[in-house]
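S.K.: Right, I'll just put the structure down here and ask away after.
The values are calculated or read from the model by the stated rules, or taken from the named source; none is laboratory data. Predicted model only: the values in this text are computed from it and were never measured. Glycine gets a Cβ as well: all are built from the backbone with ideal geometry, and neighbour counts include every protein chain shown. With ligands, DNA and RNA removed, areas are computed over all heavy atoms of the protein, side chains included. Shrake-Rupley method; radii C 1.70, N 1.55, O 1.52, S 1.80 Å.
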Amino acid sequence: MAELLKAEGTIDAPADVSHDGVRRRDFINIAAVSFAGVGGIAVLVPLISQMSASADVLAESSTEIDISAIGAGQAIKAIWRKQPVFVRNLTPVEIAEADKVDPKTLRDPQTLEQRTMPGKTNWLITMGVCTHLGCVPLGAGQGEVKGEFGGYFCPCHGSVYDTAARIRKGPAPKNLEVPPYKFTSDTVVQIG
Amino acid sequence: MSFPWANQYKPKNPLMVYLDQKLPLPRFVYNAIGGGYPVPRNLNYAWNFGVLAGFCLVLQIVTGVILAMHYAANSMIAFDSVEHIMRDVNWGWMLRYAHANGASAFFVVVYIHIFRGFFYSSYKAPREMIWLLGVVIFLLMMATAFMGYVLPWGQMSFWGAKVITGLFSAIPLVGEPLQQWLLGGFAPDNAALNRFFSLHFLLPFVIAAVIILHIWALHIPGSSNPTGVEIKTESDTVPFHPYYTAKDGFGLGVFLLIYCTFVFFLPNQLGHPDNYIPANAMSTPAHIVPEWYFWPFYAILRSFTVDFLFIPAKLMGVLAMFSAILVWFFLPWLDTSPVRSGHYRPLFRKFWYLLVIDTLILGYCGGSPAETKYVLISQIAASYYFLHFLVILPVVSSIEKPLPLPFSITEAVLGTDAVTA
C-alpha cells in the first residue's frame with residue numbers, strides 16, 4: 001500500500017488528496033464498485049422472479065362450475081389452479097353434525113357458517129388439498145372413505161376432516177382451505 | 001500435499017514431456033490418483049467406496065446425458081417420452097434402468113462411505129474440511145435424486161414433487177409464496193418439470209466440482225486408515241497406483257456384479273409400480289413414499305404428530321428432517337476423543353453399531369404406511385438418532401478409556417516397526 005501511495009504522488013503531480021482527506025482515486029474506486037454492485041443486485045430481480053408463476057398459469061386462476069346436478073349428500077371434484085376443489089352439497093344431518101361441535105375445541109376453530117356463504121350453508125366448497133403436505137383427501141368421490149367424522153380422509157398421513165372439512169385428527173394443521181368464490185346464479189359457482 | 005518420499009512424475013515420452021511443460025495435467029492426475037500419491041498400506045475394503053462413489057457419478061452423468069437426448073421435459077409428453085425410451089430407443093431400456101438403479105447404487109455406496117467415516121472418525125482434525133465438503137456433496141445428491149425422480153412424470157413423481165415442495169410451506173410467513181416460487185405455479189406442472197430437468201442436468205456437474213474440492217482437501221493430510229494413526233515414515237505407505245488402483249479395481253468388479261444383477265434382473269425392485277401411472281393431479285396414490293434412500297429422513301419427518309410449544313407439528317417435522325443431516329456438519333466438534341478408529345474405542349464402537357441399527361429401523365419405518373405403530377417406532381428411533389450425535393458422542397468421548405494404539409501403521413501391519421521390514 002505504501003508503495004502504491006508513493007507511485008501515485010510525484011514531485012510534479014503530488015498525490016491527489018482533497019482538503020477533507022479523501023483521495024480522488026479512492027472516491028472513484030468506491031463509487032465504481034458501488035455502482036456495479038447495485039447493478040449486479042438489480043440483475044437478480046429478473047433472475048429470481050422468472051421462477052414465479054407465469055402469466056398463463058395466473059390466467060387459469062378462475063373456474064366456473066355448474067352445481068345443479070349435485071344432489072344432497074353428493075360431492076364433485078372440480079379443477080381450479082390445476083388443483084382439485086371439492087364442491088359438496090351437505091345433507092341436513094351433516095349440517096347438524098357440524099353445528100353440534102363447539103368450535104373452541106377444534107385445532108383450527110371455525111363454524112360451518114364461517115366456511116360457507118350466507119343462506120347457502122349446504123354448499124361446502126373447499127380445496128381438495130390436504131393442509132399437511134398437499135395430498136388429495138378421499139371422501140368426495142362415490143364410495144370413497146370419508147373418515148370417522150364423515151367428511152374427508154387423507155390416506156397419505158392419516159388426517160381426518162369433519163363434515164365442515166375441519167381438521168379433527170392427524171397431522172394437518174389447518175381446515176381444508178375455502179377458496180375465494182361467488183355464486184353467479186343459483187346453479188353456477190365461480191371460483192377464483 | 002506430498003510426503004517427501006512420494007514418487008515424482010517423470011515422463012519419458014517426448015509428447016508427454018512437452019505436455020508436462022505446457023499443461024501439467026498428467027502430472028496432476030499422477031499426483032492425485034497415480035503412483036505419486038502415497039497411501040497408508042493398511043487400508044481395508046471400507047476404503048473402496050470413495051472411488052466407487054466417483055464411478056457412480058460418472059455412470060450417472062454418462063447415462064443421464066444420453067437419456068436427455070431422448071427425453072422431453074414437457075408435462076404433456078414427458079411420461080410418453082420415457083415410455084418411448086423404454087420401448088423404441090435402441091438400448092433405451094438398458095440405459096434408463098442403468099440410470100435409475102445407478103441412483104440407488106450411488107446412495108448405497110455413499111451411505112457406506114459415510115458410515116465408514118463415522119466408524120473411523122474420518123471427520124476428525126486434520127480432515128474436518130473433507131468431511132464438511134462431503135456433507136455438502138450428500139445434500140446436493142439428495143436434491144439431484146429428488147428432481148430426477150420427478151422427471152418421468154408418473155404418479156409418484158408428481159406427488160413426490162408436491163409433498164417435498166409442500167415441506168417448504170411449513171416455514172412461517174414466507175412458506176406458501178416460497179412453495180409457489182419453487183414450483184412456478186400453485187401445484188407441480190410444466191414450469192416445475194422444466195426447471196427440475198434443468199437443475200437435474202446441472203447439479204451433477206456441481207457435485208463433480210465439489211468432489212474435486214473434496215479430493216483436494218483429502219490430499220493435504222492424506223488418506224486416513226483403519227488404525228487412525230497418522231503416517232510417520234515411508235514404510236507406512238504404498239503408492240496409490242498400482243496398489244490401490246488394483247484393490248479398487250477388484251472392489252469395482254464386485255460392485256458391478258451386484259449392480260448388474262439389479263439392472264438386468266430386478267430393474268424395478270427398488271421403484272414403485274405407481275410411477276408407471278401418468279401423473280394425475282386429481283388423485284393421490286394410497287401409499288406415497290419417497291425412494292428408499294430417503295426413508296430414514298422421511299421417518300423423522302413423520303414422527304412429529306403433535307405441536308411442540310408454539311411450533312406446529314408440520315414445521316417441527318421439517319426442521320427435524322433437515323437437522324438430521326445438518327448435525328453431521330458439527331460432528332468434528334461433537335466427538336472430542338483424541339482416538340480416531342473405532343477399533344480402539346470399545347464403547348464408541350458399540351454405539352456405532354446401535355446407530356447403524358437405529359438408521360435401518362428409521363429406514364424401515366419411513367418406507368411403511370403412516371400407521372400408529374410405525375410412527376411410534378419412528379419417534380423412538382428419531383429421538384435416539386439425535387441423542388447419539390448430541391449427547392452420546394460427547395459423553396462417550398469424555399468417559400471412554402481407549403485401547404492402546406499401535407506405534408505406527410507398519411507396526412500394526414507387521415507387528416514390528418523395524419525399518420528393514
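S.K.: May I ask for the angle, rounded to the nearest 10°, between helix B:128-150 and the longest principal axis of chain B, with both axes built from Cα atoms and the value confined to 0 to 90°?
M.R.: Orientation of helix B:128-150: about 30 degrees from the principal axis.
S.K.: Over the range B:1-115, with the other protein chains present, what is the accessible area per residue in square angstrom, probe 1.4 angstrom?
M.R.: Numbers: 6010 Å² over 115 residues.
About 52 Å² of surface per residue is accessible.
S.K.: Another question, if that's okay. Divide, for the range B:82-168, the radius of gyration over alpha carbons by 2.2 N^0.38 Å, where N is the residue count. Don't skip to the answer; put the middle values down first.
M.R.: Details: Rg = 17.0 Å, N = 87, 2.2 N^0.38 = 12.0 Å.
Working it through for the range B:82-168, the quotient is 1.41.
S.K.: Also: Semi-axes of the equivalent ellipsoid of chain B: what are they in whole Å, largest first, if each equals the square root of 5 times a C-alpha gyration tensor eigenvalue? Don't skip to the answer; put the middle values down first.
M.R.: Details: eigenvalues 316, 178, 66 Å².
Square roots of five times the eigenvalues give 40, 30, 18 Å.
S.K.: Distance from a point 7 Å along Cα→Cβ of B:HIS287 to each backbone N in the range B:356-372: keep the residues under 19 Å and list them by number.
M.R.: B:361-372
S.K.: Chain pair A, B: how much accessible area is buried, both chains summed, with a 1.4 Å probe, in Å² to 100? Intermediate results must be reported in sequence, preceding the final value.
M.R.: Working: alone 11800 and 20960 Å², together 30510 Å².
Result for this pair: about 2300 Å² buried.
S.K.: Follow-up question, since we're still on this one. Over the range B:268-385, give the accessible area per residue in Å² for a 1.4 Å probe, as an integer.
M.R.: Numbers: 5630 Å² over 118 residues.
Heavy-atom SASA per residue in the range B:268-385 reads 48 Å².
S.K.: How large is the dipole of the protein assembly as shown about the Cα centre if only Lys and Arg carry +1 and Asp and Glu carry -1, each at its Cβ, rounded to the nearest 20 debye? Kindly include the intermediate steps, with their values, before the conclusion.
M.R.: On the way: 41 positive and 41 negative charges, 198 e Å.
With Lys and Arg at +1 and Asp and Glu at -1, about 940 debye.
S.K.: Would you look at the GNM of chain B, springs on alpha carbons closer than 10 Å, and say which of B:PHE407, B:PHE348, B:PHE49 moves the most?
M.R.: B:PHE407
S.K.: Just want to confirm a number: the relative contact order over the range A:20-155, from Cα pairs under 8 angstrom separated by 6+ residues, in percent.
M.R.: Details: 136 pairs, mean separation 22.5, N = 136.
Taking the mean separation of contacting Cα pairs over the length of the range A:20-155, I get 17 percent.
S.K.: Charges on Cβ only, +1 for Lys and Arg, -1 for Asp and Glu, centred on the Cα centroid of the protein assembly as shown; of B:LEU252, B:GLN179, A:ALA59, which one is farthest towards the dipole's positive end?
M.R.: It is B:LEU252, whose Cα lies furthest towards the positive end.
S.K.: Something else: In percent, how large is the relative contact order of chain B, given Cα pairs closer than 8 Å and 6 or more residues apart?
M.R.: Numbers: 517 pairs, mean separation 92.2, N = 421.
22 percent.
S.K.: Between the range B:294-333 and the range B:216-232, how many Å separate their Cα centres?
M.R.: Centre-to-centre distance over Cα atoms comes out at 33 Å.
S.K.: Can I ask one more? Before I look further, what does chain A give for accessible area per residue, probe 1.4 Å, in whole square angstrom?
M.R.: Numbers: 10690 Å² over 192 residues.
On a per-residue basis, 56 Å².
S.K.: Another question about this same structure. Relative to the longest principal axis of chain A, what angle (0 to 90°, nearest 10) does the C-alpha long axis of helix A:24-49 take?
M.R.: The answer is roughly 20 degrees.
S.K.: Across chain A, how many lysine pairs, 8 or more apart or on two chains, come within less than 29 Å at their alpha-carbon atoms?
M.R.: 29
S.K.: Roughly how tilted is helix B:245-265, in degrees to the nearest 10 and between 0 and 90, from the longest Cα axis of chain B?
M.R.: It is inclined by approximately 20 degrees.
S.K.: Do you know which residues of the range A:151-192 lose at least 10 square angstrom of accessible area in the protein assembly compared with their chain on its own, with a 1.4 angstrom probe?
M.R.: A:PRO155, A:CYS156, A:HIS157, A:PRO171, A:PRO173
S.K.: I would also like to ask the following. Would you be so kind as to identify which of B:GLY64, B:SER283, B:THR416 lies farthest towards the positive end of the dipole of chain B, taking Lys and Arg as +1 and Asp and Glu as -1 on Cβ and the Cα centre as origin?
M.R.: Of the options given, the answer is B:THR416.
S.K.: Tell me, what % of the accessible area of the protein assembly as shown is carbon and sulfur with a 1.4 angstrom probe?
M.R.: On the way: 20940 of 30510 Å².
The computed percentage sits at 69.
S.K.: Also: Note down the nm distance, to one decimal, between modelled labels 7 Å out along Cα→Cβ at A:SER49 and at B:THR261.
M.R.: Taking the two extended label points, one gets 5.6 nm.
S.K.: For chain B, with a Gaussian network of springs between Cα atoms less than 10 Å apart, report the residue from B:LEU257, B:LEU183, B:LEU52 with the top mean-square fluctuation.
M.R.: Greatest mean-square fluctuation among the candidates belongs to B:LEU257.
S.K.: Can you find, among A:GLN142, A:VAL188, A:VAL43, the residue sitting farthest towards the positive end of the charge dipole of chain A, where Lys and Arg contribute +1 and Asp and Glu -1 at Cβ?
M.R.: Working it through, the farthest residue towards the positive pole turns out to be A:GLN142.
S.K.: I want to verify a result. In a Gaussian network model of chain B, Cα cutoff 10 Å, which of these has the top mean-square fluctuation: B:ALA105, B:ALA208, B:ALA279?
M.R.: Greatest mean-square fluctuation among the candidates belongs to B:ALA208.
S.K.: So, one more: Show which aspartates and glutamates lie in cross-link reach of B:LYS162 when reach means a straight Cα distance below 18 angstrom and same-chain residues fewer than eight apart are skipped.
M.R.: Qualifying aspartates and glutamates at Cα under 18 Å: A:GLU177, B:GLU176, B:ASP189, B:ASP274, B:GLU291.
S.K.: Moving on to the next point. Run the dipole for chain A about the Cα centre, Lys and Arg Cβ at +1, Asp and Glu Cβ at -1, nothing else charged, and hand back the magnitude in debye, nearest 20. Don't jump to the answer; show the numbers that get you there.
M.R.: Working: 19 positive and 21 negative charges, 107 e Å.
The dipole of chain A has a size of about 520 debye.
S.K.: In whole percent, what relative contact order does the range B:1-136 give with Cα contacts below 8 Å and a gap of six or more residues? Show your work: numbers first, answer last.
M.R.: Working: 80 pairs, mean separation 29.9, N = 136.
RCO, the range B:1-136: 22 percent.
S.K.: Jot down the radius of gyration and Dmax of the range B:326-407, Cα atoms only, both in angstrom.
M.R.: For the range B:326-407, the Cα radius of gyration and maximum Cα-Cα distance read 15.0, 53 Å.
S.K.: Any lysines with Cα under 20 Å of the B:LYS350 Cα? List them, leaving off those in the same chain fewer than 8 positions away.
M.R.: B:LYS124, B:LYS401
S.K.: Count charges around B:VAL306 for me, please; just the other residues with Cβ under 13 Å from its Cβ, Lys/Arg as +1, Asp/Glu as -1. Intermediate values should be presented prior to the final figure.
M.R.: On the way: positive: A:ARG107, A:LYS169, B:ARG302, B:LYS314; negative: B:ASP307.
Here the count lands on +3.
S.K.: So what is the 222 nm mean residue ellipticity for the protein assembly as shown from helices alone, if each DSSP H run of at least 4 adds -39500 (n - 2.57) and you divide by all residues, rounding to the nearest 500 deg cm²/dmol?
M.R.: Calculated from helices alone, the mean residue ellipticity at 222 nm is -15500 deg cm²/dmol.
S.K.: How big is the dipole moment of the range B:285-421 about its Cα centre under a simple scheme where the beta carbon of each Lys and Arg is +1, that of each Asp and Glu is -1, and everything else is neutral? Debye, nearest 20, please. Intermediate values should be presented prior to the final figure.
M.R.: Working: 8 positive and 8 negative charges, 35 e Å.
Dipole about the Cα centre, nearest 20: 180 debye.
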